[in-house]
Each structure stands twice: as structure tokens, then as C-alpha cells.
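The structure under discussion appears below in the form of C-alpha cells.
The values are calculated or read from the model by the stated rules, or taken from the named source; none is laboratory data. None of these values were measured; they are calculated from a predicted model. All Cβ positions, glycine included, derive from the backbone under ideal geometry; neighbour counts span all protein chains shown.
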């Protein structure tokens with residue numbers, strides 16, 4: 001996959017592809033595929049997080065260190081890592097001489113719990129997507145049989161993304177479900193089955209509608225109280241359900257949409273940062289700068305600067 005990159009030594013390079021998976025009704029389950037060529041060097045530990053679940057596959061020449069939460073993992077060729085929703089992480093070192101390519105897949109947890117996702121009994125996948133187990137092992141080593149099978153599925157997803165033959169969206173969805181089931185089985189084998197929980201489909205459908213509303217109105221003055229009123233729920237119950245299903249709060253989701261809007265405008269336009277912050281729903285430049293740095297690890301100004309040098313922005 002090295003042909004997708006072109007960057008000067010000392011800089012990483014990256015490529016992103018996105019698509020909406022086929023689904024019933026008005027659901028919008030977007031999956032993101034990305035490639036990062038990681039230049040061999042010691043890196044400043046700039047942690048960031050995102051609401052998406054992320055699955056990373058490291059190539060045949062990858063040796064380094066991955067910091068996820070309070071844990072440090074060695075990166076070896078062929079390793080698979082899963083990052084649960086909202087987990088802080090950073091690649092802090094890539095060994096000299098390596099020509100490492102990392103392939104990743106990102107998706108929002110509603111892909112798992114949506115009433116129309118074909119994963120009606122989703123509780124056994126909870127820990128690998130939005131769980132809170134502090135002993136969770138994010139790494140599946142290359143010599144693990146499950147890891148080899150997951151690697152094959154990711155490679156098939158890459159092919160479907162790039163070739164785009166008839167039905168490729170359904171194939172990507174099917175293979176992603178296969179990966180998640182294998183990871184859940186691996187977790188169960190190592191830790192036992194965690195306590196399950198049940199949230200009725202009608203409640204999940206309401207939360208899904210709330211998320212779609214935010215998708216369309218994030219740049220407006222959206223509040224928990226107004227959304228809860230429209231959903232016919234109390235603010236406290238809406239907050240509970242939303243975080244239980246996603247691993248992040250409704251306000252986190254609103255902010256992530258606004259920051260994603262700002263990211264796109266910072267790299268695609270030359271607009272003033274103040275204008276971008278207002279366009280994306282922030283009413284204070286100070287607040288925008290603070291939230292942007294908390295989520296991305298960079299100030300808006302530095303983010304824009306690194307984009308022009310093709311350094312990794314995620």
C-alpha cells in the first residue's frame with residue numbers, strides 16, 4: 001500500500017476513505033478507513049481521543065510503542081489494536097529503519113447497538129467497544145490465531161473499499177461484524193462473559209434519532225434540555241441511556257461534530273479561525289481553542305500547520 005503515500009523524510013503521511021454502510025430506515029452508519037505511513041522517529045506524546053471505536057492493523061515493518069490510557073504496549077509487525085470509544089492514545093515511538101504502514105478502521109458505537117444493525121443482542125460486545133474494564137488488553141498479537149483471522153478480514157475490507165465492486169458496502173459491513181464477533185469471543189475467553197444488559201429497541205431507536213438530530217443541527221444552539229424534551233425523556237434519563245450505549249455523553253457527541261466541522265474547514269479553507277469556530281457552532285473563540293486542543297491534542301493553528309506538512313492529524 002506504499003503507493004498511496006508521498007511525504008518527505010521526517011513526516012508521516014496519511015490517507016482517509018469514508019463510506020456509509022447500507023442500513024434500514026434513516027440510519028447513517030459511517031465507517032472510515034485510513035492508512036498512516038509512520039516515519040521512524042521518537043515522537044512527542046500528544047494524546048488525543050475520539051468517539052469512534054478504532055481497529056488498527058500494523059504492517060510488516062512496524063516496531064514502536066503505543067500508549068493507550070495508562071498502558072504502554074510494544075508494537076510488533078502484524079499486531080492488531082482495538083481502541084474503545086473515547087480512550088486517550090498516542091503512538092510515541094517508531095524504531096529507526098522501519099517503514100511502517102498502519103491501516104485503521106473507525107466507526108461510532110451505534111453501528112453495534114442500533115435496532116436495525118442485525119446485532120440485536122449486542123451486550124456481549126459492550127466491553128470491546130465502550131466498556132470500562134481497566135484490565136482490558138487492547139493488543140492482539142500477530143502470532144494469535146484470532147489476530148491472523150482479523151488481519152485477513154481487514155485486508156478484505158481494504159480491497160472492498162478500493163475496488164468497490166457490486167455490493168461492496170454490504171461486504172464491508174459483514175466483515176466488520178465478523179471482526180467484532182471474533183474480538184468479543186477473544187475477550188470472553190480471556191475474561192469470562194461480562195454482565196450483560198438490555199435496553200429495549202424502542203429506547204435505542206430514540207437515542208439513534210437523537211444522534212441523527214445532532215448530525216443535522218450541531219452548529220445550532222443545541223442543549224440537553226431541548227433534545228430531551230423532543231425525545232419525551234427527562235434530561236437525566238436521556239443522559240444515562242446515551243452514555244450507557246455509546247460510552248460518551250450527548251454533549252461529547254455535539255462537541256465532536258463541531259470539532260470535525262472545524263477540522264475540515266481548517267484544512268479545506270483559509271477562513272479565519274474565529275469565523276470557523278462560529279460557523280461550526282461555538283460562540284466563544286477561547287472555548288473553541290480549549291475544546292479543539294483537548295480533543296485533537298493540537299491548537300487549531302498548529303493543526304492547520306501540520307495539515308500542510310502531511311503529518312498525522314488523528
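Below, the figures for the structure above:
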| item | result |
| --- | --- |
| Candidates 254, 295, filtered to the one that is in a helix (DSSP H, G or I) and either in contact (Cβ under 8 Å) with a residue 60 or more places away in the chain or touching a strand residue (DSSP E or B) at 6+ places or on another chain (Cβ under 6 Å) (or both) | 295 |
| Single residue of region 208-244 satisfying the filter (touching a residue at least 40 places away in the same chain (Cβ under 8 Å) and within 21 Å of residue 127 (Cα to Cα)) that is surrounded by the most Cβ atoms within 10 Å (Cβ to Cβ) | 208 |
| Some residue of region 4-18 being assigned to a strand (DSSP E or B), surrounded by 13 or more Cβ atoms within 10 Å (Cβ to Cβ) and modelled with pLDDT of 85 or more | no |
| Those residues of region 262-275 which are closer than 25 Å to residue 90 by Cβ and over 21 Å from the mean Cα position of the chain (by Cα), in sequence order | 273 |
| Test result for residue 226, within 15 Å of residue 209 (Cα to Cα) and out of contact with any helix residue (DSSP H, G or I) (no Cβ under 9 Å at 6 or more places or on another chain) | yes |
| Test: residue in region 210-233 that is at pLDDT below 85 and either under 18 Å from residue 113 (Cα atoms) or part of a helix (DSSP H, G or I) (or both) | no |
| Residue ID - modelled with the lowest pLDDT, chosen from residues in region 155-175 that are surrounded by 15 or more Cβ atoms within 10 Å (Cβ to Cβ), under 30 Å from residue 132 (Cα atoms) and out of contact with any helix residue (DSSP H, G or I) (no Cβ under 7 Å at 6 or more places or on another chain) | 173 |
| Single condition residue 268 does not satisfy, out of (1) surrounded by 20 or more Cβ atoms within 10 Å (Cβ to Cβ); (2) within 29 Å of residue 104 (Cβ to Cβ) | (1) |
| Region 234-251: number of residues that are in a helix (DSSP H, G or I) and under 24 Å from the mean Cα position of the chain (by Cα) | 11 |
